[in-house]
Amino acid sequence: MEYDEKLARFRQGHLNPFNKAPLQSPTDQRMTGSEGFFLASDVEQLHQAIEECKRRILDLPDNSEKQKDADPSEDEPNIRVILEHRFYKEKSSKSVRQTCDKCSTIIWGLLQTWYTCTGCSYRCHSKCLNLITKPCVRSKVSHQAEYELSICPETGLDSQDYRCAECRVPISLRGVPSEARQCDYTGLYYCTNCHWNDQAVIPARVIHNWDFEPRKVSRCSMRYLALMVSRPVLKLREINPLLFNYVEELVEIRKLRQDILLMKPYFITCKEAMEARLLLQLQDRQHFVENDEMYSLQDLIDVNAGRLGCSLTEIHTLFAKHIKLDCERCQAKGFVCELCKEGDVLFPFDSHTSMCMDCSAVFHRDCYYDNSTTCPKCARLSLRKQSLLRDPSMDLQA
């Protein structure tokens, strides 16, 4: 085999530097697991082979196409913007195992420069940059942050004209000319270059079936789901309200979130709480201090794993301790039940209390539901309003 042909095969990732067996293709590597690229066990021999490859590449004529392909020039821009991807140039001094998302061949970290998108982590050779046809999925997340909520909405290969949904190469279920692989998220079929049998939790299966089993998805879907996983875009009460009847943990989480929303007004008017930055305990789930309806897919994954209930209970206990025990200013904002005028100071997040929806006064739950009269505070406010309407000067005297 001529040297030029060997070098070309080596750059494409098919030739072993030790002239032994050919390397597996990237697809085979993904299928067989994490086997090494080299057959040599001697580390010194490995370094010698790498240095020999470098020397031969450097011996190529300056500025030749072969040299540019094998070892891109250092004057290539560090940042490239293509189809809303924001690529940063990378090169490693170590033998990093990477695979190009465009051509599906190996990126030799010691020999080649590659680019990685900071938005969606799309990775490719520098020579493949101008061949990219798929826009950055982060732009889709920014402009249209929503999930496909139908379970594997398949329409059939005929609706795709028997072509890959992304790169449009011919595909078929028989594997001729290329194997068709279905994405469980979109229901569409892809070629082996666009579908690497990556697995991800499917939002539709979680919401409708409470099923967290990872399914095979395309590369594009995997990147989109990874970017969306922490975004609170799921309003469970509208999508599947029956889920709360069958998943007890969700009911507990909803109650804890409602209590935290009732605690929030105490913290934003408390100097000590602001200095302690108590609300930052939920900085990774900011939506928990904004509403009790929206969930992210990560929230549901953590509910199923039992992590969210434990962490949220700890935060709830910390918040309640500050209001009821540690802070005199917050304690002073408690309530006394005006129906029985007995018992300790009450707070709206206590488990044995009920709150008037009109004036936010707090009562013992038993007192509130046993008493058939109107809320005492609402009655006082109503009388005062009527008095002001009859004699506005009373407000000035007060």
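Working carefully through the options Y266, Y295, find the one that is in contact (Cβ under 8 Å) with a residue 60 or more places away in the chain and under 19 Å from H208 (Cβ atoms). So that I can check it myself, show each step before the final result.
Working: Y266 fails: under 19 Å from H208 (Cβ atoms).
Of Y266, Y295, the one residue that is in contact (Cβ under 8 Å) with a residue 60 or more places away in the chain and under 19 Å from H208 (Cβ atoms) is Y295.
So, in the stretch 205-215, of the ones that are part of a loop (DSSP other than H, G, I, E, B) and under 20 Å from G309 (Cβ atoms), which residue ends up most open to solvent (accessible area, probe 1.4 Å)?
In this case the residue turns out to be W210.
Taking L325 as the residue in question, decide whether it is in contact (Cβ under 8 Å) with a residue 24 or more places away in the chain, closer than 30 Å to D299 by Cβ and of a type outside the set (S, T, N, Q).
no
Under 8 Å by Cβ, and 6 or more places apart or on different chains, what pairs join a residue from the stretch 150-170 that is over 17 Å from T133 (Cα atoms) with one that is of a type in the set (V, I, T) and open to solvent by less than 60 Å² (accessible area, probe 1.4 Å)?
Here the result reads I151/I202; C152/I202; P153/T186; L157/I171; Y162/I171, each pair linking the stretch 150-170 to a residue that is of a type in the set (V, I, T) and open to solvent by less than 60 Å² (accessible area, probe 1.4 Å).
Kindly indicate which of K140, K134 is part of a loop (DSSP other than H, G, I, E, B), at pLDDT below 85, open to solvent by 50 Å² or more (accessible area, probe 1.4 Å) and out of contact with any strand residue (DSSP E or B) (no Cβ under 6 Å at 6 or more places or on another chain).
Residue meeting the stated conditions: K134.
Can we say L325 is within 46 Å of the chain's Cα centre (by Cα), under 30 Å from V141 (Cβ atoms) and at pLDDT 85 or above?
no
With respect to A165, determine if the residue is hydrophobic (A, V, I, L, M, F, W, C), in a loop (DSSP other than H, G, I, E, B) and touching a Phe, Trp or Tyr at 6+ places or on another chain (Cβ under 6 Å).
Considered against the rule, which asks whether it is hydrophobic (A, V, I, L, M, F, W, C), in a loop (DSSP other than H, G, I, E, B) and touching a Phe, Trp or Tyr at 6+ places or on another chain (Cβ under 6 Å), A165 comes out as yes.
Which of the residues that make up the stretch 323-348 are open to solvent by less than 70 Å² (accessible area, probe 1.4 Å) and farther than 19 Å from V362 by Cα?
Across the stretch 323-348, the qualifying residue is only C327.
Would you check which residues across the stretch 92-108 are crowded, with 17+ Cβ neighbours inside 10 Å and basic (K, R) and list them?
K102
Can you pull out every residue in the stretch 179-195 that is among the charged types (D, E, K, R) and under 10 Å from K216 (Cβ atoms)?
Selection gives R181, D184.
Here are Q182, Q199: which of them is of a type in the set (S, T, N, Q), farther than 30 Å from Q283 by Cβ and in contact with a strand residue (DSSP E or B) (Cβ under 7 Å, 6 or more places away or on another chain)?
The unique qualifying residue is Q182.
Just checking, how many residues over the stretch 267-300 are open to solvent by 20 Å² or more (accessible area, probe 1.4 Å), in a helix (DSSP H, G or I) and of a type outside the set (A, V, I, L, M)?
Counting residues in the stretch 267-300 that are open to solvent by 20 Å² or more (accessible area, probe 1.4 Å), in a helix (DSSP H, G or I) and of a type outside the set (A, V, I, L, M) gives 9.
For the stretch 152-200, which residues satisfy the criterion of being among the small types (G, A, S) and either open to solvent by 70 Å² or more (accessible area, probe 1.4 Å) or farther than 28 Å from D211 by Cα (or both)? Let's see the steps before the verdict.
Taking the stretch 152-200 as the starting set, the residues that turn out to be among the small types (G, A, S) are 156, 159, 165, 172, 175, 178, 180, 187, 200.
Within the stretch 152-200, S159, S172, G175, S178 meet the criteria.
Go through the residues of the stretch 109-117 one by one and say whether even a single one is without any contact (Cβ under 8 Å) to a residue 40 or more places away in the chain, within 27 Å of the chain's Cα centre (by Cα) and open to solvent by 60 Å² or more (accessible area, probe 1.4 Å).
Taking the stretch 109-117 and keeping what is without any contact (Cβ under 8 Å) to a residue 40 or more places away in the chain, we get 109, 114-117.
Keeping just the survivors that are within 27 Å of the chain's Cα centre (by Cα) gives 114-117.
Filter once more, keeping what is open to solvent by 60 Å² or more (accessible area, probe 1.4 Å): none.
No - not one qualifying residue is present in the stretch 109-117.
Within the group R97, R80, which residue is in contact with a Lys or Arg (Cβ under 8 Å, 6 or more places away or on another chain) and modelled with pLDDT of 65 or more?
Values: R97 fails: in contact with a Lys or Arg (Cβ under 8 Å, 6 or more places away or on another chain).
Exactly one of R97, R80 is in contact with a Lys or Arg (Cβ under 8 Å, 6 or more places away or on another chain) and modelled with pLDDT of 65 or more, namely R80.
The values are calculated or read from the model by the stated rules, or taken from the named source; none is laboratory data. The model shown is predicted, which means the values in this text are computed figures rather than measured ones. Because the Cβ atoms are built from the backbone with ideal geometry, glycine has one as well, and the counts that use them run over all protein chains shown. Accessible surface areas use protein heavy atoms only, side chains included; no ligands, DNA or RNA. Shrake-Rupley method; radii C 1.70, N 1.55, O 1.52, S 1.80 Å.
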